Amino acid sequence: MPKLPRITGKELVKALQKEGFEITRQKGSHVQMTKYIDGQKLTFPVPVHAGKIVKQGTLKGILRKANIAAAK
């Protein structure tokens, strides 16, 4: 498995938007992302702490929930 990139929450939100996810709402430093896949709603939070790198385990979990494979 390839090594995951070290990105900020803001960069992750932009990447998810390119994959078709939309920002549903934001409460504090967490953005709620949503996408409908085959009629089912897929929703999860993304931490967007100013300038901080998203932890590897958190990033891995978000990518798994979003059905996005890590870049090779």
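The values are calculated or read from the model by the stated rules, or taken from the named source; none is laboratory data. Every value quoted in this text rests on a predicted model; they were computed, and no experiment measured them. Every residue, glycine among them, receives a Cβ derived from its backbone with ideal geometry; neighbour counts consider all protein chains shown.
Structure summary
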| quantity | calculated |
| --- | --- |
| Qualifying residue in region 61-69 (condition: of a type in the set (A, V, I, L, M), part of a strand (DSSP E or B) and at pLDDT 90 or above) | no |
| Residue check for residue 50: modelled with pLDDT under 95, exposed (fewer than 14 other Cβ atoms within 10 Å of the Cβ) and of a type outside the set (Lys, Arg) | yes |
| Filter result for residue 31 (hydrophobic (A, V, I, L, M, F, W, C), closer than 12 Å to residue 8 by Cα and either part of a strand (DSSP E or B) or modelled with pLDDT under 90 (or both)) | no |
| Any hit, region 33-41, residues being among the charged types (D, E, K, R), exposed (fewer than 11 other Cβ atoms within 10 Å of the Cβ) and at positive phi | yes |
| Complete set of residues in region 34-48 that are part of a loop (DSSP other than H, G, I, E, B) and closer than 17 Å to residue 5 by Cα | 48 |
| Region 53-72 - residue that is in contact with a helix residue (DSSP H, G or I) (Cβ under 8 Å, 6 or more places away or on another chain) and surrounded by 15 or more Cβ atoms within 10 Å (Cβ to Cβ) and, of those, nearest to residue 9 (Cα to Cα) | 54 |
| Residue list for region 4-49, restricted to those being under 16 Å from residue 68 (Cα atoms) and hydroxyl-bearing (Ser, Thr, Tyr) | 34, 36, 43 |
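The rows are residues; the columns are (1) among the hydrophobic types (A, V, I, L, M, F, W, C); (2) touching a residue at least 12 places away in the same chain (Cβ under 8 Å).
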residue: 14; (1), (2): no, no
residue: 35; (1), (2): no, yes
residue: 44; (1), (2): yes, yes
residue: 55; (1), (2): no, no
residue: 66; (1), (2): yes, yes
